[in-house]
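S.K.: The structure that follows is given in the form of structure tokens.
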Amino acid sequence: MKLEDRIAALDWWHTIEVAPGVVTPGGWDLRPTAERMPWPPSMAGLRCLDIGTMDGFWAFELERRGAGEVVAIDVLDAARLDRFAPDRARRAHRRPSERNFALAAELLGSRAELRDLSVYDLDAAATGEFDVVVMGYVLQMLRDPLRGLEAVRRVCRGQLILLDTVSRPLELLQAPLARLDGRRDGSEWFVFNRRGLRKALELAGWAVELATPVLRDHAGPGVGRRERALTLPMRALGVRGRSAAMRARPLPESPH
């Protein structure tokens, strides 16, 4: 089967350049965002973790930036995801992350390892510790985001790069805030403002080192012309399609 046919046979979330000039038709193009992330000065030889990898964009980006070892985790059984109560009765299905990740890794010659694991279940005894952890657009999907951040702290010996959607209207307010049902369609538990993201990190035992301004998201080739036109007004106003990233270090555990 031709390379293009193998790619077209899968339903992609991320836009990944898997060969020179060949990209997967995902709805999210994270490549411009990757250039504005608050990366550490060097990742050469570091052990890295990508949480909520989906198709693997951040795992492969970590390798591209010199990581020595990359572990990527995701919840592959949809029945184990944090769902709103009305959605829990949906029939369970295997998510496409496995096949997409495997094909992209094959084409890129990647050594990244994909594990079926929830962020809540991270344990240094099972996974070891990591120098850099990337958590991209995961916090907003968690019913208990603080518990998720505390779990990440258990396995991070270096730095966390947290990237999440932010609410432009909430950015106008001075308080650290999050809105429930972020998109009002049952797909996200929370959307924060940047003060809210910082406060969530601090409450979960992290010290924020660096934060980006509000970033504009970029649609990939998987977003059709009609969908682009429908969401354009909200994106132009900044109501949707905005994110922010923060780099943080775990605080030492308090003595008992």
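S.K.: Among the listed residues Val152, Val208, identify the single one that is touching a helix residue (DSSP H, G or I) at 6+ places or on another chain (Cβ under 8 Å), part of a helix (DSSP H, G or I) and open to solvent by less than 40 Å² (accessible area, probe 1.4 Å).
M.R.: Sole residue among the options that is touching a helix residue (DSSP H, G or I) at 6+ places or on another chain (Cβ under 8 Å), part of a helix (DSSP H, G or I) and open to solvent by less than 40 Å² (accessible area, probe 1.4 Å): Val152.
S.K.: Follow-up question, since we're still on this one. Consider the range 13-42. How many of its residues are under 13 Å from Phe60 (Cβ atoms), open to solvent by less than 50 Å² (accessible area, probe 1.4 Å), at pLDDT 95 or above and not in a helix (DSSP H, G or I)?
M.R.: Residues in the range 13-42 being under 13 Å from Phe60 (Cβ atoms), open to solvent by less than 50 Å² (accessible area, probe 1.4 Å), at pLDDT 95 or above and not in a helix (DSSP H, G or I): 6 in total.
S.K.: Can you tell me which condition Gly148 does not meet? The list is (1) under 16 Å from the mean Cα position of the chain (by Cα); (2) touching a residue at least 60 places away in the same chain (Cβ under 8 Å), and all the others hold.
M.R.: (2)
S.K.: Taking Glu129 as the residue in question, decide whether it is touching a residue at least 24 places away in the same chain (Cβ under 8 Å), under 20 Å from Asp77 (Cβ atoms) and open to solvent by 40 Å² or more (accessible area, probe 1.4 Å).
M.R.: no
S.K.: In this structure, is Arg147 open to solvent by 40 Å² or more (accessible area, probe 1.4 Å), under 26 Å from Arg242 (Cα atoms), in a loop (DSSP other than H, G, I, E, B) and touching a Phe, Trp or Tyr at 6+ places or on another chain (Cβ under 7 Å)?
M.R.: So Arg147 fails the test.
S.K.: Can you confirm whether the range 156-177 contains a residue that is modelled with pLDDT of 95 or more, over 27 Å from Arg83 (Cα atoms) and basic (Lys, Arg)?
M.R.: Yes: the range 156-177 contains one or more residues that are modelled with pLDDT of 95 or more, over 27 Å from Arg83 (Cα atoms) and basic (Lys, Arg).
S.K.: Kindly provide the set of residues from the range 54-98 that are at pLDDT below 95, outside any helix (DSSP H, G or I) and more than 17 Å from Leu142 (Cβ to Cβ), ordered by number.
M.R.: Selection gives Ala89, Arg90, Arg91, Ala92, His93, Arg94, Pro96.
The values are calculated or read from the model by the stated rules, or taken from the named source; none is laboratory data. None of these values were measured; they are calculated from a predicted model. So basically every Cβ, Gly included, is an ideal-geometry build from the backbone, and we count neighbours across all protein chains shown. Just so you know, the surface numbers come from the protein's heavy atoms only, side chains and all, with ligands and any DNA or RNA stripped out. Shrake-Rupley method; radii C 1.70, N 1.55, O 1.52, S 1.80 Å.
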